[in-house]
């Protein structure tokens, strides 16, 4: 099986979610199922069916997280030092050539990507355009919305 890259911080976040699901969510759902069973007839017991559905979701997420963590290649970004070159785990500040607006992204594994927190997947069009480039380079990002040009302003490994 292929080992997918994952930052150390991303692996820690996944482990925290896994622990929360196992220690908090699973016991709550078990209690909700027990309480719903006490109400009698399970065929028409909406609380029971909702709790069982939630249990299926949580158990599926637990299995997914365990599999992801066990098959990941965890990379400690703080230990990397490729200078001003963009590699996996880099936090890159970009300047849009058209609007001069600056944006900062961290290049992370596909599982930990979260655009709300400016973490983009290593397989995304922006990441693919940035990997291997250096500070000062202008990159062309080919995305579904069209081509955009960005200048790499800064590269950090934190």
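The values are calculated or read from the model by the stated rules, or taken from the named source; none is laboratory data. Please read these numbers as outputs of a predicted model, since none were measured by experiment. Because the Cβ atoms are built from the backbone with ideal geometry, glycine has one as well, and the counts that use them run over all protein chains shown.
Looking at residue 90, is it assigned by TED's automatic domain parsing to the domain that holds residue 141, surrounded by 15 or more Cβ atoms within 10 Å (Cβ to Cβ), within 22 Å of residue 9 (Cα to Cα) and in contact (Cβ under 8 Å) with a residue 24 or more places away in the chain? Answer is yes for this residue. Being in contact with a strand residue (DSSP E or B) (Cβ under 8 Å, 6 or more places away or on another chain), without any contact (Cβ under 8 Å) to a residue 24 or more places away in the chain, in the same structural domain as residue 141 (by TED's automatic domain parsing) and within 23 Å of residue 131 (Cβ to Cβ) is the requirement here; does residue 101 meet it? Yes; evaluated as a whole, the condition is true for this residue. In the range 94-158, counting only strands (runs of 3 or more DSSP E) that sit wholly within it, the ones holding 1 or more residues that are closer than 30 Å to residue 17 by Cβ and touching a helix residue (DSSP H, G or I) at 6+ places or on another chain (Cβ under 7 Å) span 102-108, 119-121, 138-143. Output the residue which, of all residues in the range 97-110 that are modelled with pLDDT of 90 or more and surrounded by 13 or more Cβ atoms within 10 Å (Cβ to Cβ), is farthest from residue 153 (Cα to Cα). Going through the qualifying residues, I end up with 110.
Here is a yes/no grid of residues against (1) surrounded by 14 or more Cβ atoms within 10 Å (Cβ to Cβ); (2) within 24 Å of residue 111 (Cβ to Cβ):
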| site | (1), (2) |
| --- | --- |
| 4 | yes, yes |
| 16 | no, yes |
| 20 | no, yes |
| 52 | yes, no |
| 62 | yes, yes |
| 70 | no, yes |
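Among the criteria (1) in contact with a helix residue (DSSP H, G or I) (Cβ under 8 Å, 6 or more places away or on another chain); (2) more than 18 Å from residue 14 (Cβ to Cβ); (3) assigned to a helix (DSSP H, G or I), the one residue 53 does not fulfil is (1).
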